[in-house]
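*Asks:* Structure below; questions to follow.
The values are calculated or read from the model by the stated rules, or taken from the named source; none is laboratory data. Just so it is clear, the structure is predicted and the values come from calculations on it, not from any experiment. In this analysis, Cβ positions are derived from the backbone assuming ideal geometry, glycine residues included, and neighbour counts consider all displayed protein chains.
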Amino acid sequence: MRFGLIALCIGISVVFAPSAFPEDVGKATRVQRYAYQTPPQAEKTPIYKLNSVAKNSKLETVPSGALEVTFTDGSRLTLGSASSIIVDNYVYAGAQGSGEQTLKMSRGLFRFVSGSMPKDKVKLQTPNVAIGIRGTVVKAQVNGDGSSTIFFEHGSGHVENGSGKSVEMSEGDMLKVGADGSFGNPESKNWTAGDSAVDLGLFPFGQPFGGPDGGSGGGDGAGSSGGSDSDNR
């Protein structure tokens, strides 16, 4: 009888043992209209301001929506309208100054502001090129066919395709990438994504936030009145 009770207790502890949760790598710090997160092996759910972002999650916004994520190293990612990205890898050791960060931009409009993660360990990817950074603010537009526009708003870095071709990027450089990953030389010119969340930072309560720190602060919950279309004007 005693052994039976022990076996029963063990069985109960197994049944009610807490399940493993995905590793949190940051938080949603602004949301306009609706945004969604699909963690690994989980269903797609709305994401709201201050909700955690899990490693390997897919993040999405609806048309006229926007989402800002602040990662634990202080880097900030803004998704513009109808955009999708995967937090493919994120490991940050904090004071030890080591880690890795990989973000895969599937489609849409993006703005990335680097944090304290070692810059040689940060990689931004489109369907056909990889972007390396050196203390950088990068904007990108990824089209449905995989073609893209990449703009270095601040700092420098490089872009490389699957064939091994690489080009250096300086502050103010814009690069057009074809659907096959081909590209020429960057152009030094102004470029706007045509989306306020990406071009100037989000517009919490009607206030634009631009420049290298344009991705920080304020925000509201998904689908609330603070996330209306008027915020984008």
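*Asks:* Collect the residues in segment 129-145 that are farther than 19 Å from TRP191 by Cα and outside any strand (DSSP E or B), keeping them in residue-number order.
*Replies:* Listed by number, the residues that qualify are GLY144, ASP145.
*Asks:* Quickly run through segment 182-197 and pick out the residues that are buried (at least 19 other Cβ atoms within 10 Å of the Cβ), of a type outside the set (Phe, Trp, Tyr) and under 23 Å from SER83 (Cα atoms).
*Replies:* Answer for segment 182-197, where residues must be buried (at least 19 other Cβ atoms within 10 Å of the Cβ), of a type outside the set (Phe, Trp, Tyr) and under 23 Å from SER83 (Cα atoms): ALA193, ASP195, SER196, ALA197.
*Asks:* Which one is modelled with the highest pLDDT, of the residues in segment 176-215 that are assigned to a helix (DSSP H, G or I) and touching a Lys or Arg at 6+ places or on another chain (Cβ under 7 Å)? Full working, then the answer.
*Replies:* Taking segment 176-215 as the starting set, the residues that turn out to be assigned to a helix (DSSP H, G or I) are 196-199, 204-206.
Of the ones still in play, those that are also touching a Lys or Arg at 6+ places or on another chain (Cβ under 7 Å) are 198, 204.
On the way: VAL198: 93, PRO204: 47.
The extreme case among them is VAL198.
*Asks:* Which number in (1) at pLDDT 95 or above; (2) part of a loop (DSSP other than H, G, I, E, B); (3) within 24 Å of THR136 (Cβ to Cβ) marks the one condition that TYR48 misses?
*Replies:* (3)
*Asks:* What are the residues in segment 31-52 that are among the aliphatic types (A, V, I, L, M) and surrounded by fewer than 24 Cβ atoms within 10 Å (Cβ to Cβ), if any?
*Replies:* Correct list: ALA42, LEU50.
*Asks:* Spot the failing condition for THR78; the list is (1) buried (at least 24 other Cβ atoms within 10 Å of the Cβ); (2) more than 23 Å from GLY144 (Cβ to Cβ), and only one is missed.
*Replies:* So THR78 meets the others, but not (2).
Rundown of residues vs (1) surrounded by fewer than 16 Cβ atoms within 10 Å (Cβ to Cβ); (2) under 20 Å from LEU175 (Cβ atoms); (3) within 13 Å of the chain's Cα centre (by Cα), yes/no style:
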| site | (1), (2), (3) |
| --- | --- |
| ALA66 | no, no, yes |
| GLN101 | no, no, yes |
| MET105 | no, yes, yes |
| THR126 | no, yes, yes |
| GLY135 | yes, yes, no |
| SER148 | no, yes, no |
